[in-house]
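Read the structure below first, then the notes.
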Amino acid sequence: MPGFEWIDEEEKNAVSSIFDNGGVLFAHGFDGMRNGVYHVREFEQAISVKFKVKHCQAVTSGTAATKVALKAVGVKPGDEVITQAFNFIATVEAILDCGATPIIANVDRSLNMNPSELASLVSPKTSAIVPVHMLGVPADMDPIMAFAKEKGLPVVEDNCESVGARYDGGYLGTIGEAGVFSFDHGKIIATGEGGMVLCNDHAVFKYANEYQDHGHENNPAFPRGLDTCSTPGFNYRMTEMQAAVGKVQLSKLDRMLEANEERYLALVDSMGESFDYRSIPQKSEIIHDCLIFFEKDEVLRKKLIDILGSEGFGTKNLPDAINWHCAAYWGHALSSEQVEHAQTTRNLLHTAIAIPIWKRKSVDDYKQLGKKLLKI
Ligand SMILES: Cc1ncc(COP(=O)(O)O)c(C=O)c1O
């Protein structure tokens with residue numbers, strides 16, 4: 001359930017209040033103009049508390065967060081970074097932007113990284129692993145973390161799509177060396193655009209913090225204009241407007257996830273056991289973002305997809321936006337070898353159907369939908 005469905009007067013008032021407290025200021029400085037209001041710093045703090053992680057660095061997008069996190073854990077030009085074939089292209093773009101080469105692992109029936117492929121994909125050039133928690137379900141983190149530990153590799157969790165889900169009790173995005181969230185228009189916490197890097201290691205945070213702000217060290221011994229720096233950076237700074245919306249959206253997260261669960265459970269209940277559902281790794285607490293099942297029979301599949309379309313549910317990215325979510329289609333960004341390897345995932349995804357959970361659809365709508373699908 002995307003956060004944009006929950007936007008109301010609270011978010012509107014939060015944005016409006018910016019203009020009573022100094023206007024469109026940077027996240028930093030202008031202390032005399034802002035009446036003590038620092039939305040970006042407060043949003044970072046609120047995410048730290050909610051997700052029980054030591055450090056958070058807000059940035060402009062989930063794509064930027066991935067790039068910043070990869071650089072912060074030490075990915076350099078010429079390295080290889082392993083990620084997965086069911087994904088959004090942003091992860092591959094972030095790896096390429098670091099000057100590294102994406103290496104693609106297939107997904108298994110959980111539609112997340114298949115940990116058993118890692119041993120054949122790792123090389124002396126590998127410098128990080130990026131599992132992606134797709135559509136509300138955790139990747140199987142135990143074998144991924146064990147492999148990474150054995151090889152001495154950092155794990156950056158792309159948790160743009162499963163904010164609030166947990167694995168073995170820990171929030172996704174806080175298990176590896178770093179994690180990233182997206183707050184774009186379609187995400188669970190929606191601020192239009194926006195992202196966050198989460199980590200527990202101070203050195204990773206320090207790099208992320210400096211890199212997203214032109215290398216500024218925020219040295220307390222100097223005014224900003226004479227600040228010190230030791231590494232080149234870029235501008236990936238979040239705006240106060242994004243953070244003002246983000247704080248309100250975060251305060252609604254638990255309610256959003258409850259509403260998701262209610263609808264999802266009603267749907268599963270009415271669809272019953274005759275469907276071949278996506279598998280969920282043990283130790284997972286999912287966020288019920290959408291219900292995915294596999295249907296190999298093409299005629300039946302088309303009928304099911306047609307119902308989802310005509311009833312106004314759609315299929316999110318399986319199959320509605322499959323080209324942007326499967327590495328087998330990314331010949332413009334990947335080597336032909338990687339594209340070829342991703343065919344296993346492509347074949348699996350072409351049997352998958354995702355039923356998105358919407359706020360605008362009621363629990364009863366989901367019950368009725370399940371009955372209709374069952375009749376096909
Ligand atoms: C898995 C995944 N990673 C990264 C991103 C990029 O996030 P953003 O749109 O905030 O740049 C997305 C957004 O769709 C995503 O789904």
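The values are calculated or read from the model by the stated rules, or taken from the named source; none is laboratory data. Because the structure is predicted, anything quoted here is derived from the model rather than measured. FYI the Cβ positions are ideal-geometry reconstructions off the backbone, even for glycines, and counts take in every protein chain you see. Calculation scope for accessible area: heavy atoms of the full protein, side chains included, ligands and nucleic acids excluded. Shrake-Rupley method; radii C 1.70, N 1.55, O 1.52, S 1.80 Å.
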>> Every residue in the stretch 122-164 that is open to solvent by 30 Å² or more (accessible area, probe 1.4 Å) and part of a helix (DSSP H, G or I), please.
In response: Asp142, Pro143, Met145, Ala146, Lys149, Glu150, Lys151
> Hey, does the stretch 118-128 have a residue that's in contact with a helix residue (DSSP H, G or I) (Cβ under 8 Å, 6 or more places away or on another chain), in contact (Cβ under 8 Å) with a residue 24 or more places away in the chain and within 16 Å of the ligand (Cβ to nearest atom)?
Replying inline: yes
>> Looking at Leu172, Leu198 in this structure, which one is within 14 Å of the chain's Cα centre (by Cα), free of Cβ contacts under 8 Å to residues at least 40 places away in the same chain and within 22 Å of Gln45 (Cα to Cα)?
In response: Leu172
> Among the residues of the stretch 52-90, how many are part of a strand (DSSP E or B) and either at positive phi or more than 16 Å from the ligand (Cβ to nearest atom) (or both)?
Replying inline: 2
> Which one is farthest from the chain's Cα centre (by Cα), of the residues in the stretch 6-25 that are exposed (fewer than 14 other Cβ atoms within 10 Å of the Cβ) and over 15 Å from Lys247 (Cβ atoms)?
Replying inline: Asp20
>> Go through the stretch 93-102 and report how many residues are surrounded by 24 or more Cβ atoms within 10 Å (Cβ to Cβ) and either without any contact (Cβ under 8 Å) to a residue 24 or more places away in the chain or β-branched (Val, Ile, Thr) (or both).
In response: 1
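Each row is one residue, and each column tells you yes or no for (1) open to solvent by 40 Å² or more (accessible area, probe 1.4 Å); (2) farther than 19 Å from Phe86 by Cα.
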| site | (1), (2) |
| --- | --- |
| Ser270 | no, yes |
| Phe293 | no, no |
| Asp297 | yes, yes |
| Leu300 | yes, yes |
| Leu318 | no, no |
| Ala321 | no, no |
| Trp324 | yes, no |
| Glu337 | yes, no |
>> Given the criteria open to solvent by less than 70 Å² (accessible area, probe 1.4 Å) and touching a helix residue (DSSP H, G or I) at 6+ places or on another chain (Cβ under 6 Å), does Ile286 qualify?
In response: yes
> Do any helices (runs of 4 or more DSSP H) lying entirely in the stretch 308-376 carry at least 1 residues that are touching a Lys or Arg at 6+ places or on another chain (Cβ under 8 Å), and which ones are they?
Replying inline: 343-349, 363-375
> Does any residue of the stretch 145-160 turn out to be farther than 19 Å from Lys67 by Cβ, within 16 Å of the ligand (Cβ to nearest atom) and in contact (Cβ under 8 Å) with a residue 24 or more places away in the chain?
Replying inline: no
> Based on what the data block shows, is Glu5 of a type in the set (Asp, Glu), out of contact with any Pro (no Cβ under 8 Å at 6 or more places or on another chain) and within 21 Å of Met238 (Cα to Cα)?
Replying inline: no
> Considering the stretch 189-222 alone, what residues qualify as being within 29 Å of Asp254 (Cα to Cα), more than 10 Å from the ligand (Cβ to nearest atom), open to solvent by 10 Å² or more (accessible area, probe 1.4 Å) and part of a loop (DSSP other than H, G, I, E, B)?
Replying inline: Asn200, Asp201
>> part of a strand (DSSP E or B), in contact with a helix residue (DSSP H, G or I) (Cβ under 7 Å, 6 or more places away or on another chain) and touching a residue at least 40 places away in the same chain (Cβ under 8 Å): is that true of Leu267 in this structure?
In response: no
>> I'd like to verify a number: residues in the stretch 91-103 that are of a type outside the set (Asp, Glu) and within 14 Å of the ligand (Cβ to nearest atom), how many?
In response: 6
> When Asn106 is evaluated against the numbered criteria (1) away from the ligand (no atom under 15 Å from the Cβ); (2) open to solvent by 10 Å² or more (accessible area, probe 1.4 Å); (3) farther than 26 Å from Asp213 by Cβ, which criterion, by number, is the only one it fails?
Replying inline: (2)
>> Against the conditions (1) assigned to a loop (DSSP other than H, G, I, E, B); (2) open to solvent by less than 80 Å² (accessible area, probe 1.4 Å); (3) of a type in the set (Gly, Ala, Ser), where does Ser274 fall short? Just the number, please.
In response: (2)
>> Any residue at all in the stretch 323-341 that's of a type in the set (A, V, I, L, M, F, W, C), over 20 Å from Ile89 (Cα atoms) and not assigned by TED's automatic domain parsing to the domain that holds Ile89?
In response: no
